[in-house]
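What follows is a set of notes on a single structure, which appears directly below.
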Amino acid sequence: MINPTEYLPKSYHARVSTYWWLSRWAYLKFILREASSVFVAWFVVVTLLQIRALARGPADYAEFQHWLRNPLLLALNAVSLFFVIFHAVTWFNLAPKAMAIRLRGKRLPSIAIAGPNYVAWVVISAAVAWILLRG
Amino acid sequence: MANRITLEVTRYDPAHDEKPRLDAFEVPLRKEWVVLDALNYIKDHLDGSLSFRWSCRMGVCGSCGMTVNGVPKLTCATFLSDYAPGPVRVEPMRNFPVLRDLVVDTSDFLVKLSKSKPWIIRKVEKPLDEEYFQTPEQLDAYKQFSMCINCMLCYAACPVYGLDPLFSGPAAIALAQRYNLDSRDEGASDRLDILSQHDGIWGCTFVGECTQVCPKNVDPAGAIQQYKLTATMEWVKSLVLPRGASSE
Amino acid sequence: MLDISSHDIVLVGGGGAGLRAAIAISEADPKLSVAVVSKVYPMRSHTVAAEGGAAGIHLADDSLDEHAYDTISGGDWLCDQDAVEAFVKEAPVELMRLEHWGCPWSREPDGHVAVRPFGGMKKTRTWFAADKTGFHMLHTLFQTSLKYDAVTRYDEYFVTRLLVDDGRVQGVVALELTTGKVQAITAKAVILCTGGCGRVFRFTTNAAICTGDGMALAYRAGAPLKDMEFVQYHPTGLPFTGILITEAARSEGGYLLNKDGYRYLQDYNLGTPEPKPVLRSMELGPRDRLSQAFVHEQEKGRTVEGPYGAVVNLDLRHLGAKTINTKLPFVRELCLKYEHIDPITQLIPVRPVVHYMMGGVHTDLSGATPLKGLYAAGEAACVSINGANRLGSNSLPELLVFGARAGRAAAAYAAEQKSPGRHLLAQALDEEARLQEQFLQKSGGREPIADLREEMQRIMEQCGGIYRSGESLSGAGAKLQELQDRFRDIRLDDRGHLFNTELISALELSCMLEVAQTMAQCALQRTESRGAHQRTDYPARNDEKFLAHSMAFRAADGRPRVEYAPVTITRWPPAERVYGR
């Protein structure tokens, strides 16, 4: 490190603005990606509330469903759905970066790792949807 | 295409200035010129007191990293005509203290680099008449990470480094990983002890901008995430097999 | 403001030779304190730009004598053969040492280090790391040097003069770029590893930092510069930028074609064209002969007129995408970026470009100059193993072999010396005063640095080209003297202390003017043609008079005085240089 002496008055340290993440689209996308975990947590809370309502019987469950139809909550859950999907997509797309798998000397392309994740996601979602909606 | 373009260049002389300002210069716009040629034109013909670093002018020495229109770039590999009609803003690299004009203090990187122990570590050295056999596949395992020219554009792009100067940073970690993956090296656990601390690999939140700006496709973000995976595996192994767990 | 520090050995320059020397000293004697003083951070040193490879015998069918013969004949018999014999023996050892330190040499499928053919060599012996050999070597050396605690780095310090007392070099005076402070560093020995001086010419592969600083330091202190007239033109540089396209492109099989698509080298006694490269023939001939062929083609009107002058075409298309992408990826990257050309499908325009100084500070086999306590290694030095023309891939191992030798020799010498005294402080204070007076405090100078530099480069381009004549050379000498005089009236816009790169440019220019003068004078006095020094008025090689090294000493009036010293011949008496047969 440079030690400031009388011969070197000082070097200039630019302060990083609190809004650094607005200065570039890439940084904004990053912050949104990180923020999406809040919405994932929200969905967990909703699911826990749903399970609790289920355990307490039909009356409580009907109340829970009524609560969910509140316009504010509908809006919140719509936004949350978007962010949860965003969270999953960014996660699947980034996962291959952490895994340098080599087959016969050549590194596997990203799609070979992200692809199966997407497929599994679609298949499992379809299975869950079928179970829930068929009745 | 017009034949002139304006450059707005950061000026800062600590002896006189409280903080940096921008000076505007009009320079010729030639199709084969890079931004560095424009800076040299300013220095040679308009204002000799403009200070900046450069050397090889072919993208291999890593001296000329600056911020061009907000993006970290090597000015010797950035064509002026891409910014026509201009103006082009040329500022010093972000996240480093500015010493003078476009020159920043990069000594922190060298400290971080040394901490990564970027050399072959072996328990027993081979004698000089014996070769380390290394197949092309083994070379490929680390080759990409060995291409780092130490230009530090990745540090300029990394918001974590900007907010926390103690963070080891992309290049230092990528170079550690380069040696970890080198089949001749036996020092991965030494490096892990240092880099698995809070300001090492775990400081990284995978913004990924370092990889975006890297002029040599080193992919430091990839190196760090792979390193995190390895570190986690080592930790799990140490829990599950507490004795004799270390494979390195 | 002046600071003083003290080490056992000072290295000026932190490139391949400097770092290798530093490591050699630390390994020879870990108690010696070593200072590496470089005007740039070491990984910026120009070693980083070397591409093609490093030669050292490797395959079973090769021998030391053959490498020696190729080097000596390549140098047109101006090489000191004892030095060459030592060099070829130690080169493979040094390259293997680098392998042990982690250098990512390219490999055969079975894991052995691979070698490729190279210009002027009869056998295949050039080790390589894709086509960024210098880059990988430098980073390996730099990163390895970080292990040694006894090595202290002075990064971005510009050495302005050697401290000489009692006939011995005892340290340096350096300007700390960041603060403008003058630093005196006393030492028992100094090793100059400052590289070449390509920036004396307008069109060069060399980086901005290649300004002959160490050569000028030695010259001013009284050490002679040797063989300065021998300037290598690399046959394949990109037009306008001068960026190097490595010889490896030709060793992988590239052809040089004139405007008619004809492999013109066959007209110049370099062999007959074959589809695959033939060692010591055609495109794998020595660099001086290839560059000379270009000039003749140009005179015959058979070169291609490009937007930046005459060029010929380098054809790599027949090598195929796989070879180009594995063996020559950096070449492809450079062509795409700077010429917007893809060598897989298009021809690359190239022309000869100034690349290397065979000459430099005169040293013996241990890197010692005639000045006690002063050593030199690498391109800044002239041992001489390269003679009148260097073979490609000999200079990277030269850094290692002679960097190590100079390091060990300096370490042995330093162990026997007393520490330098404080009386050197007076010299350092003088130097500080000189810098203030001549540059920083002077106002009203009228000669802009860029103008003087451009005039120097233009005259050297005209007169120090591939072909020279007595008339143009004496014209050059006069012009350079005029530039030296005008330099006293240099104009500086920046007279501050902090990171004053304009002051550094002025200091570099003064080094370049001195070195250019020695080049012009030595070239004028060598009335023969040999290797890279070709005189239109004396077209033949004259072993009777000129089988000798030019030694340029700085006379009292500042001009070069040239003497001659014999070449050491051991086992290879001078003969005809034969290529292509």
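Only the coordinates and a few stated rules stand behind these numbers; no lab work does. Just so you know, these numbers come straight off a predicted model, no measurement behind them. When we count neighbours, we look across all protein chains shown, and the Cβ atoms used for this are built from the backbone with ideal geometry, even at glycine.
Remarks
- Whole-Å distance, taken between Cα centres, linking the range C:206-230 and the range A:39-84: 79
- Calculated FRET efficiency for the pair C:Ile4/A:Lys10, C-beta based, R₀ 25 Å, to 0.05: 0.50
- For A:Trp25, A:Trp91, B:Trp54, order by how many other beta-carbon atoms lie within 10 Å, fewest first: A:Trp25, A:Trp91, B:Trp54
- Residues whose amide H lies under 5 Å from that of C:Gly445, counting only those 5 or more places away or on a different chain, are C:Leu492; hydrogens are built 1.01 Å from N in the peptide plane.
- The range C:73-92 versus the range C:150-183: alpha-carbon centroid distance in Å: 33
- DSSP H segments from chain A that extend 18 Å or more along their own axis, Cα-based, with Kyte-Doolittle mean of -1.0 or above: A:25-56, A:71-98, A:110-133
- Cα-based Rg and Dmax for the range C:488-537, where Dmax is the largest Cα-Cα distance (Å): 17.0, 50
- Taking every alpha-carbon pair in chain C and binning the separations at 20 Å intervals from zero gives 22, 57, 20, 0 percent.
- Taking 0.36 nm per residue of separation and subtracting the current Cα-Cα distance, fully stretching the chain between C:Asp82 and C:Asp260 would add 59.6 nm.
- Computed per residue of the protein assembly as shown from DSSP H runs no shorter than four, each worth -39500 (n - 2.57), the mean residue ellipticity at 222 nm is -12500 deg cm²/dmol.
- Rg in Å to one decimal, and Dmax rounded to a whole Å, for the protein assembly as shown via C-alpha atoms: 30.2, 116
- Estimated translational diffusion coefficient (Stokes-Einstein, Kirkwood radius over Cα pairs, 20 °C, 1.002 mPa s) of the range B:107-240: 140 µm² per second.
- Across the alpha-carbon set of the range C:415-492, the Rg to Rh ratio works out to 1.21, Rh being the Kirkwood radius.
- Separation of the B:Glu130 and A:Glu34 label points, Cα + 7 Å toward Cβ, nm: 4.9
- Using C-alpha pairs under 8 Å with a sequence gap of at least 6, the mean separation divided by the residue count of chain B gives a relative contact order of 17 percent.
- Cα centroid of the range C:318-339 to Cα centroid of the range B:83-108, whole Å: 31
- Across the alpha-carbon atoms of the range A:13-58, the computed radius of gyration and Dmax are 18.4, 62 angstrom.
- Charged-residue dipole, Cβ positions (Lys, Arg, Asp, Glu), the range B:109-212 about Cα centre, Debye nearest 20: 240
- For the residue pairs C:Lys122/C:Lys327; C:Lys479/C:Lys545; C:Lys226/C:Lys479; C:Lys276/C:Lys322, alpha carbon separations beyond 24 Å are given by C:Lys479/C:Lys545.
- At an R0 of 25 angstrom, the distance between the Cβ atoms of B:Ser189 and A:Met99 translates into a FRET efficiency of 0.75.
- Over the range B:107-240, relative contact order from alpha-carbon pairs under 8 Å, at least 6 apart, %: 31
- For chain C: relative contact order, % (alpha-carbon pairs under 8 angstrom, 6 or more apart): 22
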